[in-house]
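Remarks on the structure that follows.
The values are calculated or read from the model by the stated rules, or taken from the named source; none is laboratory data. Everything numeric in this text was worked out from a predicted model, so none of it was measured. So basically every Cβ, Gly included, is an ideal-geometry build from the backbone, and we count neighbours across all protein chains shown. For accessibility, only protein heavy atoms count, side chains too; no ligands or nucleic acids. Shrake-Rupley method; radii C 1.70, N 1.55, O 1.52, S 1.80 Å.
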Protein chains: 2
Amino acid sequence: MRTSQLFISTKKEAPAEAELLSHKLMLRAGLIKRLGSGLYTWMPLGLRVLRKVESVVRSEMNAAGAQELLMPAVQPAELWQETGRWDVFGPQMLKITDRHERSFCFGPTHEEVITDIARSELRSYKQLPANFYQVQTKFRDEIRPRFGVMRAREFVMKDAYSFHASFESLQQTYDVMYSAYSKVFTRLGLQFRAVAADTGAIGGSGSHEFHVLADAGEDLLAYCPTSDYAANVELAEAFAPAVPRAAATESMRDIDTPKQTACADVAALVGVGVERTVKAIALISAAGDFVLALLRGDHSLNEVKLGKVDGMADFRFATDEEIRSHLACPPGFIGPVGIAANIRVIADLTVAAMSDFICGANKPKFHLSGVNFGRDLPEPNVVADIRNVVSGDVCPDGKGGTLELCRGIEVGHIFQLRTKYSEAMNCVFVTEQNTQQAMEMGCYGIGVSRIVGAAIEQNHDERGIVWPAAMAPFSVAVVAVGYHKSEAVKAAADDLYAQLMAAGVDVLLDDRNERPGSMFADMELIGIPHRVTIGDKGLADGIVEYVARRGGEMQKISLTQAKSFLQGVINN
Amino acid sequence: MRTSQLFISTKKEAPAEAELLSHKLMLRAGLIKRLGSGLYTWMPLGLRVLRKVESVVRSEMNAAGAQELLMPAVQPAELWQETGRWDVFGPQMLKITDRHERSFCFGPTHEEVITDIARSELRSYKQLPANFYQVQTKFRDEIRPRFGVMRAREFVMKDAYSFHASFESLQQTYDVMYSAYSKVFTRLGLQFRAVAADTGAIGGSGSHEFHVLADAGEDLLAYCPTSDYAANVELAEAFAPAVPRAAATESMRDIDTPKQTACADVAALVGVGVERTVKAIALISAAGDFVLALLRGDHSLNEVKLGKVDGMADFRFATDEEIRSHLACPPGFIGPVGIAANIRVIADLTVAAMSDFICGANKPKFHLSGVNFGRDLPEPNVVADIRNVVSGDVCPDGKGGTLELCRGIEVGHIFQLRTKYSEAMNCVFVTEQNTQQAMEMGCYGIGVSRIVGAAIEQNHDERGIVWPAAMAPFSVAVVAVGYHKSEAVKAAADDLYAQLMAAGVDVLLDDRNERPGSMFADMELIGIPHRVTIGDKGLADGIVEYVARRGGEMQKISLTQAKSFLQGVINN
């Protein structure tokens, strides 16, 4: 394609509302254009990238034996009422009323629709397993849409759903899809990690997230550099310390902490490490009971893990008033010593192994040091893993490594739904034994449009986007300097362009009548991987200039060999 | 692809609600599945057809210089308020309120959104003309969705929008798009006709519809077999009779018509042709005036034409009560003789040239014969072309041909919008003279999903769908009879399948363990253009059977030549 035929609209500055680098670069490069909050038009250049992602996704889904179909975006409320999700999905679901006052939604996901299809079309074990996917526009009414296409309201998703006669069959397809997802992100040229994940609101058991690694990622991931262990921090298990609790050596005493409420400040005042402190977090269980959770001062609460402790599903944090009413002490000085016997204490594994620790005194402006379980306070009611892992923690896979942390952008998620939807919607099949049984189900999502933003977060420099080869809107930019002034430049550029087009290379000929610097800046901002510059000066010697977008030095190459040179670097 | 890997779900019977043949066949062949009123899932087989249509459309749009982008489906109300269409589009627009109580719609069309993009991205005459298109899911809340994908609520549309510095430039692009549309429908293998059309609610001037010709079409088209004239009957001009009004030869007299209210019945009673009768249609103008329109008894009123008569915009038909109150006569016997002087009479050109005609007497159970203008009643207040043309009418292009009528399904529509939207939304550019001017605009739609239904209406027989080559889900079906029983059949079928796949032929290998008759019936219902049957009997002599879906006789061909034979018939 020629730039004279392509709508290019690059900008020097991004609008102020763009917070994230990928969002800024997509707007500056003219890949997308904002229509409203969380609503973006994919401009011609951006759509080329989106389609390349879609194409890789489709190719791997087909190879995995999934069949493409296309379900409606607008879904009747009745199906969602069958699973009960009409009422519990929450305000992210965009509800719609049609002219006949019937209720619909703009589908945020399609479990109900595909299960409705499966229950009428798949009747026998002979038809199973079956795996269907679509690449489709979805809508989730985010309360605060941001980050451009990374958290848009309307977005393109690949969603697949599989149906099975047995759990074993589900596991087989799950493994195939896991592998297909790995191939998708590998082919797209992205650094990614598959991590064990919580199943969250979709339900079911068994789930992996696929994350593109990027500093700006919203998710914190734990991984082991020496094994294949990786998990979302929400799920990563923290072990009890290898060394058991030491015997008490200090006696308990008050520390005067007039202004110190944070563990780090108390530790600094005393002159010890923060790992000698214990913080108490006041909670209210769903049953309304006041609960104290104990964590080491430098650790953070993992709400997912705590929620799995008996009685703690749907807990909430206590208000300041509730804290004062149960402990007669303001927040910042509370602790587990001397509290009413009916207050349940849940200690993290690490805390349970501590002795001679420092904690709040339950008196304003005082902490306690030399505190020991069994002597100064009862043993905790519950001891459990309720903290987030930290860098250096023992890897829970038992292979002896230690964990590292990194940030990721979730771009894929696969679930073993089991029979959650099939049971709710009576999606049954006739078994070989002629009995009826609910189908096992899996579901598999890829955030197609989000991948574009995530790829940029991972691949950019100060000049703009640095596309991985498979996602680049064009492979090669031929910049013709003086196309409208020099017959020689025009002839050479047109010829190389024709050669590359004939060879099936995705080439953009920049034939605009612009300053060279402006053309280079555009091609770099847009992120085309390979650039050839043709100008009068070099042409006199039959020479053109080549530069790779990713950190390459300029190379002089012969015009006659330019095509084969480019094919070489593209295939490399 | 193999049928063992493809979800096929054919049915003997279509659901009762499917009225139209294409709808029945799409459901029976398992191309689509109903989710709700006007909502259909494109099943894997149907999606293959839809994608083939999309691909041809994209290819011709790109060749015409249009650039693909993708706008959001969900559109903010504010843009529609700028053009005033938020309030006038009517209940077909699906309005949505988001969690922040802001108003949106599920876009039924995208003039407002693209004009918003153009006004901020296209600033100078140097950037014009520009032509953008998308292939996208749209929603129109039809009051009575029916005919499957032909009048669905959610559907796939290709919509293009062009922007110009001058009307001449618009006309050039309009001509290019007209030609591109012709190429699309030609490549799809459809019999179609481009007809001059009314611009309707979208507004602007200059418009053509593209119709797939089919008996079940909702639109009536007039065309001239001896010239290139074609128009929607809404628009086709009817000329005044070549012979002027003859002098009166009869005197006016009452005819006793006790039960005859229809012109044809009155004519039969009298023993003359119905073309000797005149019917009066009672109307109320927007100003509230009672009006009589006069048409020849065998002609029908063209409401579009009548609406263009001075004072008759937004007319309505009079109620029986209004007729009785103005004429003191029940409907069925009304006529233009002896009515109050303030009742306006609009006569069709044909009626104005009649003499000695028969019409209602304005007395219950009586008509009049021998009626003549100027003698028995005043000349009409207005004489105009207000009827639909009929077969045999003189072609209005002046080339001497006569019109024929046919039915069509509208699958494309192109408009010269001119400055309707650009003026309402201040979409201006800086001219070469450094002045500001509203852009000229064109818009160009293709009902991508509707084409699939229209193609079936035009191409089917008693056994099912007969796809044109470019739309067929597969080009060739290889039916292996006894694939699971005969090693020889399996080997031959697998080998031919591999040969065809390697040659890039879109082939479906039917490797199911079904009765041959059932496999043939499925392949015929699905409509695959070419079928090869491999069975033990022929294989012994190295023979396989070929049959073309479209009316072909069975041919025996050699297995070794099957690939080249098939390539030959496909390319033919």
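The figures follow:
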quantity: Delta accessible area of at least 20 Å² on complex formation, residues of region B:82-99, 1.4 Å probe, chain isolated as reference; calculated: B:PRO91, B:LEU94, B:ILE96, B:ASP98, B:ARG99
quantity: Extreme residue, positive dipole direction of region A:3-112, given options A:LEU35, A:GLY90, A:MET71 (C-beta unit charges); calculated: A:LEU35
quantity: Given charges at beta-carbon only (K, R positive; D, E negative), |dipole| of region B:475-572 in Debye; calculated: 160 debye
quantity: Value of Rg/Rh across the protein assembly as shown [Cα atoms, Kirkwood radius]; calculated: 1.06
quantity: Nitroxide proxy distance, nm - points 7 Å out along Cα→Cβ at A:ARG253 and B:ARG375; calculated: 13.4 nm
quantity: Computed over region B:289-413, Cα set: Rg, Dmax in Å; calculated: 16.3, 50
quantity: Order by protection proxy (mean Cβ within 10 Å, highest first), peptides B:82-92, A:21-31, B:171-181; calculated: A:21-31, B:171-181, B:82-92
quantity: Cβ-defined net charge surrounding A:SER103, 10 Å radius [Lys, Arg +1; Asp, Glu -1]; calculated: -1
quantity: Residue of chain A whose Cβ sits closest to the axis mapping A onto B, with distance in whole Å; calculated: A:ILE96, 3
quantity: Principal-axis tilt of helix A:111-121 within chain A, Cα atoms, nearest 10 degrees; calculated: 70 degrees
quantity: Net lengthening on full extension, A:ARG245/A:ARG515 (0.36 nm per residue, minus Cα-Cα); calculated: 90.0 nm
quantity: Region B:379-431: C-alpha gyration tensor shape, a/c 1.5 cut-off, then a/b vs b/c; calculated: prolate
quantity: Point-charge dipole on Cβ atoms (K/R +1, D/E -1) for chain B, about Cα centre, debye to 20; calculated: 1240 debye
quantity: Residue-wise HN-Hα coupling along region B:393-402, computed from phi with Karplus coefficients 6.51, -1.76, 1.60 (Hz; x: Gly, Pro); calculated: 4, 5, 5, x, 7, x, 9, x, x, 10
quantity: Region B:155-304 - convex hull of alpha carbons, volume per residue in Å³; calculated: 252 Å³
quantity: Cα-based equivalent ellipsoid, region B:298-344: semi-axes from gyration tensor eigenvalues, Å; calculated: 21, 13, 12
quantity: Spin-label model distance (nm) - B:ALA262 vs A:SER300, 7 Å beyond Cα toward Cβ; calculated: 8.1 nm
quantity: Full-stretch length increase - B:SER391, B:ASN434 - with 0.36 nm per residue and alpha-carbon distance subtracted; calculated: 10.1 nm
quantity: Between 0 and 90°, nearest 10: helix A:562-571 axis offset from chain A longest Cα axis; calculated: 20 degrees
quantity: Residues A:ALA340 and A:ARG316, FRET efficiency given R0 of 25 Å [Cβ-Cβ distance, rounded to 0.05]; calculated: 0.80
quantity: Label-point separation in nm, B:MET554 to B:ARG324, each point 7 Å along Cα→Cβ; calculated: 7.0 nm
quantity: Probe 1.4 Å, accessible area per residue of the protein assembly as shown, Å²; calculated: 41 Å²
quantity: Alpha-carbon gyration tensor eigenvalues x 5, square-rooted, for region B:333-407, Å; calculated: 29, 14, 12
quantity: Centre separation in Å (Cα based) which lies between region B:1-17 and region B:88-155; calculated: 33 Å
quantity: Cβ-based charge dipole, region A:113-263, positive-most Cα from A:THR137, A:MET177, A:ALA222; calculated: A:THR137
quantity: Interatomic Cα distance distribution for region B:207-247, bins of 5 angstrom, percent; calculated: 5, 17, 22, 22, 12, 8, 6, 5, 2, 0
quantity: Helix A:167-187 axis, angle to chain A major axis (alpha carbon atoms, nearest 10°); calculated: 50 degrees
quantity: Scattering curve values for region A:374-500, log₁₀ I(q)/I(0), Debye with Cα scatterers, q = 0.23 Å⁻¹; calculated: -1.23
quantity: Magnitude of the charge dipole, region A:102-213, Cβ model with Lys/Arg +1 and Asp/Glu -1, debye to 20; calculated: 340 debye
quantity: Shape metrics for chain B, restricted to C-alpha atoms - Rg then Dmax, Å; calculated: 29.4, 93
quantity: Computed Rg/Rh of region B:17-128, alpha carbon atoms with Kirkwood Rh; calculated: 1.06
quantity: Selection from A:SER325, A:THR249, A:VAL345, by position along the positive dipole direction of region A:245-379 (Cβ); calculated: A:THR249
quantity: Estimated buried accessible area (total), pair B and A, 1.4 Å, Å² to nearest 100; calculated: 4500 Å²
quantity: Separation between Cα centres of region A:259-329 and region A:29-84, rounded to whole Å; calculated: 43 Å
quantity: Flagged links, alpha-carbon separation over 31 Å, of A:LYS52/B:LYS95; A:LYS12/B:LYS95; A:LYS11/B:LYS95; A:LYS420/B:LYS33; A:LYS24/A:LYS563; A:LYS126/A:LYS305; calculated: A:LYS52/B:LYS95; A:LYS12/B:LYS95; A:LYS11/B:LYS95; A:LYS24/A:LYS563; A:LYS126/A:LYS305
quantity: Rg/Rg_globular for region A:125-234, with Rg_globular taken as 2.2 N^0.38 Å and Rg from C-alpha atoms; calculated: 1.21
quantity: Alpha carbon convex hull of region A:47-91, projected area averaged over orientations, nm²; calculated: 5.2 nm²
quantity: Stokes-Einstein translational diffusion, region A:425-572 - Kirkwood Rh over all Cα pairs, 0.890 mPa s, 25 °C, in µm²/s; calculated: 138 µm²/s
quantity: Kirkwood hydrodynamic radius over Cα pairs of region A:216-346, then Stokes diffusion coefficient at 25 °C and 0.890 mPa s, in µm²/s; calculated: 143 µm²/s
